[in-house]
Structures are given as structure tokens and as C-alpha cells.
Amino acid sequence: MTLTTADLCDQHSSEPDFQIAEPIFKTFGTKNCFSGQISTVKVFEDNVLIRQLLEKKVSQRILVIDGGGSHRCALLGDKLTNIACKNGWEGIIVYGCIRNSDKINQLPIGIRALHTHPLKSHKKGTGELDSAVNFAGIHFKTDYYLYADNDGIIVSQKPLS
């Protein structure tokens, strides 16, 4: 990502499909700046579908996980994050918790999550793939574009430059 989210706001904030996330996330991973097209998954305390998505080889993709904002378990840990890195994922947004944050903070990926939690999630395989999800004041849709840095997260229907 060459432009910052502040630059993108200066240039595009008046456009109708431009969205800025509420500042509710903590930063993890070594990539503070990342961007790409969105893939979505909606789950609740269950990470089976998350694993299925992260096991796919991708290019310039960001996984957006609507975990219902749960603070009762983690949806992502260092093992799944390693899989994501090996398969080309640029970043992951988690509306929920992660675990093994010290190990994740050494990996070359950008992660935003609400908090950390030591308990792993359930393994039931329930949830929805590629459905529109809403949190942090954003309507995330598959194939929209996401830009993240230390100042925030921006989503747009079209690529921004």
C-alpha cells in the first residue's frame, strides 16, 4: 500500500461507497499496512470455515471474519495465521478474539482483532461464506477493497489510488 488511509480519506471521503471503520481494533502481526480485496465469513465461536478459507491459495486478499464480537473464545491463533501467510493472505480482520498473539506478532501478515483470549473455538462447521457482514460501522462485502494502516481501516467498492 503506497498511500496512507489519511491520504485516501483526503482524496476519496466524499465518494458514496467510501467507508471508514470505527477505531475498535487492536493491531497484530508485523504488517501494519496492508490492502486487498475482501473475502467474508460469518461465524460464532467456531473456526472451521475460517480454516477452509485460509487453506486456499490467494493473491492480494483480506479475510474479514464476523465473529459476532464474541469475547468468550479465540477464532484465530498462530497455526491458522501461519497457514494464511503460506497461502498469500495479506491480512485478516476479526470481529472477535485471537490467541497466541506473541507468535502472531512475529508473522508477516496484518491482523486486526478486538482482543485476545486463550480459549480456542468450537469445531462445528457452522457459519456463512461470502455474505455481507456489518460491524465497526462498515458494510463488508466480498470483492470490495480494504485498506488498513496504523490510522485505521477503509473499505471501498472500487480500488482507490
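Just so you know, all these numbers are worked out from the coordinates, no wet-lab data involved. Note that the coordinates shown come from a computational prediction; the quantities given were computed from them, not determined experimentally. Please note: Cβ atoms are built from the backbone with ideal geometry, for glycine as well, and neighbour counts cover all protein chains shown.
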Which of LEU146, LEU80, LEU114 comes first, and how do the rest follow, when ranked by fewest Cβ neighbours within 10 Å?
LEU114, LEU80, LEU146
Chymotrypsin sites (Phe, Trp or Tyr not before Pro) within the range 12-52: which are DSSP loop residues with at most 12 other Cβ atoms inside 10 Å?
none
The Cα radius of gyration of the chain, divided by 2.2 N^0.38 Å with N its residue count, comes to 0.95
Using 7 Å Cα-to-Cβ label points, what is the GLU22/LYS79 separation (nm, one decimal)?
3.3 nm
With Cα springs under 10 Å, the Gaussian network model of the chain assigns the largest mean-square fluctuation among GLN60, GLN11, GLN37 to GLN11
Which semi-axes, in whole Å and largest first, does the equivalent ellipsoid of the range 42-128 have when worked out from the alpha carbon gyration tensor as the square roots of 5 times its eigenvalues?
18, 15, 11
On a full-extension model of 0.36 nm per residue, what is the gain between GLU55 and LEU119, subtracting their alpha-carbon distance, rounded to one decimal in nm?
20.8 nm
The range 55-161: trypsin sites (Lys or Arg not before Pro) in DSSP loop, at most 15 other beta carbons within 10 Å
LYS56, LYS57, ARG72, LYS123, LYS124
Could you check what % of the DSSP bridge pairs in the chain are antiparallel, to the nearest 5?
45 percent
Do you know the relative contact order of the range 5-156, to the nearest whole percent, from alpha carbon pairs under 8 angstrom that are 6+ apart?
36 percent
Fewest-first ranking of LEU8, LEU129, using other Cβ atoms within 10 Å as the exposure measure:
LEU129, LEU8
Which value, in debye to the nearest 20, describes the size of the charge dipole of the range 51-161 about its Cα centre when Lys and Arg Cβ atoms bear +1, Asp and Glu Cβ atoms bear -1, and nothing else is charged?
460 debye
